[in-house]
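Quick notes on the structure that follows.
Read the figures in this text as sums done on the coordinates, not as results from a lab. Everything quoted here is computed from the prediction, not taken from an experiment. Positions of Cβ are generated from backbone atoms using ideal geometry, with glycine treated the same way; all protein chains shown enter the neighbour counts.
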Amino acid sequence: MGPTTGRALPHPAVGGAFTSPVPPGAGWPGDPADAATPVAHGPRDAERLAGRASLDEVTARSTVCRACPRLVRWREEVAVAKRRAFASEPYWGRPVPGFGAPDPRILVVGLAPAAHGGNRTGRVFTGDRSGDWLFGALYRAGLASQPTATDAADGLRLDGARVVAPVRCAPPANRPTPTERDTCAHWLDRELELVLPSLSAIVALGSFAWSATLAALARRGVTVPRPRPRFGHGAELSLDGPERALLVVGCYHPSQQNTFTGRLTQPMLDAIFERAMTAQA
């Protein structure tokens, strides 16, 4: 583990005392790892540890990954410096795993954790405005138990859906490098392989997610057309999955840049999930 604040702070929901970043096994709500969880220190380690891992192992091992030095340094610096609004809280400051059903019908693919969202709360799309939009839409579609996601102890559950990020550490300027993307792809590839048999649809939030999804599907043996179809909001691609037809749908990312400007509206987002629901077997 890298630098910590030295001063333990209480979790906003469960109290206790946590340094930032949070060591695995410290009691953070939903932490799948412990002190014995093996750590990837480079791309080859990530490939080996993802390898034949179970879904629980992928989830745990990805949260302690240290394979990308720039991302490790950035996520931990953010966890120590904090945003003023959250100065009294501990920050997770580790990679953020997939979240949701182990056998989802719909997989939602994003980009990476937000520096003061998932990197703070330890759960993907949790604690920021993008998550409010996403989980609100999943709730209206009947896929989430509640429309909000504030922290990892808020009781949120997903039914028939899972949310993942192709890059699991918060990147500077929200821009992972190609090498970082490819290193983190080992976790995505194994997770996708494990949930693919139950999937009917994948919703790709943004062009990065669209490209990462199609590349991961191709690596998992799904035939993806070449040249690869271009991303667009509402773009669709029907593929032959291992068990059934698989629909890939493009959607603008619910970032503030898109939602504040009206490029993405609530009805537009709801329509994407309504379409994904129609693909269910």
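General observations
- Stretchable slack from SER207 to ASP159, in nm (0.36 nm times residue separation minus alpha-carbon distance): 14.7 nm
- Here's the picture: a label point sits 7 Å out from the Cα of ARG44 along the beta-carbon direction, and within region 175-213 the residues with their amide nitrogen under 16 Å of it are 183.
- Label separation (VAL14 vs ARG73): 3.2 nm, computed from points 7 Å beyond Cα along the C-beta direction.
- With neighbour counts taken as other beta-carbon atoms within 10 Å, the residues ASP154, ASP189 rank, fewest first, as ASP154, ASP189.
- Of the three principal axes defined by the Cα atoms of region 27-74, the extents in descending order read 27, 27, 15 Å.
- In the frame of its principal axes, region 1-116 has Cα extents of 39, 31, 27 Å, reported largest first.
- Taken along the Cα-to-beta-carbon direction at a fixed 7 Å, the label points for ARG226 and ARG83 span 4.2 nm.
- Its residue count N fixes a reference of 2.2 N^0.38 Å for the chain, and the Cα radius of gyration divided by that reference is 0.94.
- The fewest-to-most ranking of ILE202, ILE272, ILE106 by surrounding Cβ atoms within 10 Å reads ILE272, ILE106, ILE202.
- Taking each residue as 0.36 nm, the span from THR148 to GLU274 lengthens on full extension beyond its C-alpha to C-alpha distance by 43.4 nm.
- Per residue, the convex hull spanned by the Cα atoms of region 124-281 measures out at 116 cubic angstrom.
- FRET efficiency estimate (nearest 0.05) - Cβ-Cβ, ARG140 to ARG244, R0 25 angstrom: 0.50
- Residue order, fewest to most beta carbons within 10 Å, for VAL167, VAL96: VAL167, VAL96
- Each of ALA141, ALA185, PRO104 was placed along the dipole of region 9-278 (beta-carbon charges, centred on the mean Cα), and the one lying farthest toward the positive end is ALA185.
- Placing pseudo-labels 7 Å out from each Cα toward the beta carbon at ARG219 and SER54 gives an inter-label distance of 2.4 nm.
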